[in-house]
Amino acid sequence: MRNENRKKKIEQKRRADDRFTWRVLGVMAFIALWTILMYRLNWPSTLHVLPSGAAVLYLLAYIYPKDFTLLAVYVSGGAFGLWLLTKAALVTAQMRVTAYILFAAALVVSALFFRFLRKHRGVVRFGKRKWLLMPPKAKFRYLFIAALALTLALIVSVIFGGTAAWCSLIAMFCYLFVMAVYYTVRLI
C-alpha cells in the first residue's frame, strides 16, 4: 500500500513538472512569435517590453502566492496605464482628458473588485462554477495600497503632467520591488 502511494505521488509530481515545462515552452514560443511580428510588421519599439513582462508575470505565478501575483499584475497594468498617460500628454487635450477618465474608471473598478474578493474570501462565482482567485488568508491591504498609490499617481499626473506620470511609474515599480522582497522573505 505504501509503495503504491509513493508511486502515485511520484507520478503526480512528474505530471506537474511536465505541465510546467510545456507552459514555459508555450511562453517562449509566444515571445518568439511576438518578436517575429515586431520586426516583420514594424510595430513601435515601445511594444518590445510587453511580452517579456507578461512572461515574467506568468512564470512568477508558479513561485509566489496568488495574492502577490495579482498585485504584480495590477501594479504592472497600472504602470502601463501611467505610461499611456505620458503618451496621451503629448497629444491633444481631448485625448489627455479621455485617458485620465479611463484610468480613473479602471482604478475605481479594480478597487471595487478587490473589495468584492475580500468580502467573498477570494472566490468568484459564475453560475454554478466557483473559482478561487485568491487564498482565503490573502493580504488585500497591499492591493488597496497599490490602488491608493495609483490614484495618487493619477492626481499628480493630472496636476503636473507627463513628467510626473513618469516619476509615478518608477515609484510603482519600486513598490512592486519592495513587495517582491517581502513575499520572497515570506517564502523562506
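Give me the distance in nm between label points sitting 7 Å out from Cα along the Cα-to-Cβ direction at Phe173 and Leu102, one decimal.
Output for this residue pair reads 2.2 nm.
Please identify the trypsin sites (Lys or Arg not before Pro) of the stretch 124-155 that satisfy two criteria: DSSP loop assignment and at most 10 other Cβ atoms within 10 Å. Which are they? The partial results should precede the final answer.
Details: sites: Arg125, Lys128, Arg129, Lys130, Lys137, Lys139, Arg141; in loops: Lys128, Lys137, Lys139.
Answer in residue order: Lys128, Lys137.
Once you charge only the Cβ atoms, +1 for Lys and Arg and -1 for Asp and Glu, what is the size of the charge dipole of the stretch 63-187 about its Cα centre, to the nearest 20 debye?
Numbers: 15 positive and 1 negative charges, 174 e Å.
Computed charge dipole of the stretch 63-187: roughly 840 debye.
So, by mean Cβ neighbours within 10 angstrom, what's the order for 102-110, 61-69 with the highest one leading?
Details: 102-110: 14.9, 61-69: 16.6.
Packing proxy ranking, top to bottom: 61-69, 102-110.
Between Val185 and Arg125, what is the label-point separation in nm under the 7 Å Cα-to-beta-carbon projection?
If labels sit at Arg125 and Val185, their model points lie 3.9 nm apart.
Between beta-carbons, use under 15 Å as the cut-off and find the net charge around Leu176, counting Lys and Arg +1, Asp and Glu -1.
Values: positive: Lys139; negative: Asp67.
That works out to 0.
Going from the alpha-carbon gyration tensor of the stretch 63-187, what semi-axes, largest first and in whole Å, does one get by taking the root of 5 times each eigenvalue? Before the final figure, lay out each step's value.
On the way: eigenvalues 165, 65, 20 Å².
Rounded to whole Å, the semi-axes are 29, 18, 10.
What spacing in nm lies between the two simple spin-label points modelled at Thr151 and Glu4, each 7 Å away from Cα in the Cβ direction?
5.7 nm
With r as the distance between the Cβ atoms of Ile36 and Leu112 and R0 = 35 Å, compute the FRET efficiency 1/(1 + (r/R0)^6) and round to 0.05. Mind showing how you got there, number by number?
On the way: r = 39 Å, r/R0 = 1.12.
With R0 = 35 Å, the Cβ-Cβ based efficiency is 0.35.
What is the sum of charges around Ile145, taking Lys and Arg as +1, Asp and Glu as -1, for the other residues whose C-beta is under 13 Å from the C-beta of Ile145?
Values: positive: Lys139, Arg141; negative: Asp67.
Counting the neighbours of Ile145, the net charge comes to +1.
Can you give me the Cα centroid spacing of the stretch 63-83 and the stretch 134-183 in angstrom?
Measuring centre to centre over Cα atoms gives 9 Å.
Throughout, read-outs are computed from the coordinates displayed, never taken from laboratory work. Not measured: the values here are computed from a predicted model. Every residue, glycine as well, gets a Cβ built from its backbone with ideal geometry; the counts of neighbours run over all protein chains shown.
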